[in-house]
Amino acid sequence: MKFKKKDNKLPEVVMPVGSLEKVLAGQKALVTGANSGIGKGIAVALGQAGADIIVNYVSDEKAAQDVVGKIKDAGSKALGYQADVSNEDEVKGMFQKMYREFGTIDILVNNAGIQKDAPIDEMTLDQWKAVINVNLTGQFICIREAIKEFKRRGVVKKVSCAAGKIICISSVHEIIPWAGHANYAASKGGVMLMMKSIAQEVAPFRIRVNSIAPGAIRTPINNKAWDTQEAYDRLMELVPYNRIGEVDDVGRVAVWLASDHSDYVTGTSLIVDGGMTLYPGFATGG
Ligand code: BGC
């Protein structure tokens, strides 16, 4: 249902649903790329907050099952599902499975992402397409499917005061240019304006769309940036807060952004980067 301006002659009082501890109780979430890294951290955090979770993965079923186990240990339901987010049919199949198992979707976390780095004059079309397909087109396909269900179902007040919440996992590289990673930075810059455009379009349906833009988080995707002391020290020159991020840092933000405690937040990129985007070089220069 579209909430028209004339329906709201008096401001509607919005009450967050859920205690702070199990703030997502009764909600159904899909987290893509949830078998490792940031996706894993988010899936476990949402599960601990009371949501039932589809743990999407494209490879490494064992790792996905480990995440499923952690969520079940926290008292929520969970299910692993293999699908390539850039494959439309596989994504549709995943949403159908979610509806058969959980009935609906309340929260989509678009996390699946890859890097295929190369100097621009050596970057192959396959490297370019692979990154754009997963990081940008994959997010679009999942968003489209989720929004169909959010619009069909509308707000269920005892579950959430919104009809649905979408969190796109972007990167500080939606802002910071990144030499040697043009495909990746282009995909994340694309995610930023896709997210904002869709947020604008679906806000009248009480659907919230936001991004989290993490900086350097300790995961397999960037292990070369932290797995030796020398690399870590170099990385810290870019991080004023002087520590690497952990997946829980992102997980906690995702819980808040998926919950009714952030009900008035839509169309925003929440940067979680220990200050990486604060131009650290200017602390002593300029
Ligand atoms: C990339 C990481 C990188 C971080 C900060 C992320 O989006 O995936 O490889 O360490 O940005 O540069």
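The values are calculated or read from the model by the stated rules, or taken from the named source; none is laboratory data. Note that the structure is a prediction, hence the values are computed from the model and not measured. Glycine also receives a Cβ, built like all others from the backbone with ideal geometry; neighbour counts cover every protein chain displayed. Side chains are part of the model used for accessible areas, which takes the heavy atoms of the whole protein and leaves out ligands, DNA and RNA. Shrake-Rupley method; radii C 1.70, N 1.55, O 1.52, S 1.80 Å.
Once Rg and the Kirkwood radius are both taken over the C-alpha atoms of the range 38-104, their ratio Rg/Rh works out to 0.96. Full extension of the chain between TYR264 and CYS161 gives 36.0 nm of extra length, using 0.36 nm per residue less the Cα-Cα distance. Loop-located trypsin sites (Lys or Arg not before Pro) across the range 28-106 with a Cβ neighbour count of 15 or fewer within 10 Å are LYS77, with loop assigned by DSSP. Overall form of the range 164-286: prolate. Here a/c, set by the Cα gyration tensor axes a ≥ b ≥ c, is 1.5 or more, and a/b is the larger of a/b and b/c. Using the structure shown, list the pairs from LYS4/LYS28; LYS62/LYS165; LYS151/LYS196 with a Cα-Cα distance above 20 Å, or answer none. Those over the limit are LYS4/LYS28; LYS62/LYS165. The modelled label-to-label distance for the pair TYR99/SER59, using points 7 Å beyond Cα in the direction of Cβ, is 3.2 nm. Computed from backbone phi, the HN-Hα couplings of the range 259-273 come to 8, 6, 5, 10, 4, 9, 9, 8, x, 10, 9, 8, 8, 10, 9 Hz, rounded to whole numbers (Karplus: 6.51 cos²θ - 1.76 cosθ + 1.60, θ = phi - 60°; Gly and Pro given as x). Model label sites at LYS151 and ASP121, defined 7 Å from Cα along the beta-carbon direction, differ in position by 4.8 nm. Rolling a 1.4 Å probe across the protein heavy atoms gives the chain an accessible surface of 49 Å² per residue.
Before anything else, pin down the relative contact order of the range 209-253: Cα pairs under 8 Å, at least 6 apart, normalised by residue count, whole percent.
Worked out over the range 209-253, it gives 46 percent.
Summing Lys and Arg as +1 and Asp and Glu as -1 over all other residues whose Cβ lies under 14 Å from the Cβ of GLU174 gives a net charge of +1.
How high is the relative contact order of the chain, in percent, counting Cα pairs under 8 Å that sit 6 or more residues apart?
20
Comparing GLN65, GLN229, GLN96 in a Gaussian network model of the chain where C-alpha atoms under 10 Å apart are linked, the largest mean-square fluctuation is found at GLN229.
Between TYR232 and LYS4, the FRET efficiency estimated from the beta carbon spacing at R0 = 45 angstrom works out to 0.25.
Grab the alpha carbons of the chain, take their convex hull, and tell me the volume per residue in Å³.
Value for the chain: 148 Å³ per residue.
By the rule of a C-alpha distance below 17 Å, with chain neighbours fewer than 8 residues away ignored, the lysines paired with LYS129 are LYS116, LYS188. Under the combined filter of DSSP loop state and at most 10 neighbouring Cβ atoms within 10 Å, the range 64-172 retains these GluC sites (Glu not before Pro): GLU122. Charging the Cβ of each Asp and Glu at -1 and of each Lys and Arg at +1, and nothing else, the dipole of the range 24-274 about its Cα centre rounds to 1160 debye. Rounded to the nearest whole Hz, the Karplus-based 3J(HN,Hα) values (6.51 cos²θ - 1.76 cosθ + 1.60, θ = phi - 60°) of the range 154-169 follow the sequence x, 6, 10, 4, 6, 9, 6, 7, 10, 7, x, 10, 10, 10, 8, 8, with x at glycine and proline.
On a C-alpha basis, how far is the centre of the range 21-68 from the centre of the range 96-111 in Å? Whole number, if you could? The distance from the Cα centre of the range 21-68 to that of the range 96-111 comes to 12 Å.
Checking every one of the chymotrypsin sites (Phe, Trp or Tyr not before Pro) in the range 190-286 against DSSP loop status and a limit of 11 other Cβ atoms within 10 Å picks out TYR264. Scalar couplings 3J(HN,Hα) for the range 212-225, obtained by applying the Karplus form with A = 6.51, B = -1.76, C = 1.60 to θ = phi - 60°, are 10, 10, x, x, 7, 10, 6, 9, x, 5, 10, 4, 5, 7 Hz; x denotes Gly and Pro. Springs between Cα atoms under 10 Å define the GNM used for the chain, and in it the highest mean-square fluctuation of ALA163, ALA199, ALA179 occurs at ALA179. Distances between placed amide hydrogens fall under 5 Å for SER269 paired with SER211, all partners being 5 or more residues away or on another chain.
In what sequence, highest mean first, do 266-275, 167-176, 45-54 appear when ranked by Cβ atoms within 10 angstrom?
Highest to lowest by the protection proxy: 45-54, 167-176, 266-275.
Hey, any idea what % of the range 24-274's accessible area is carbon plus sulfur with a 1.4 Å probe?
53
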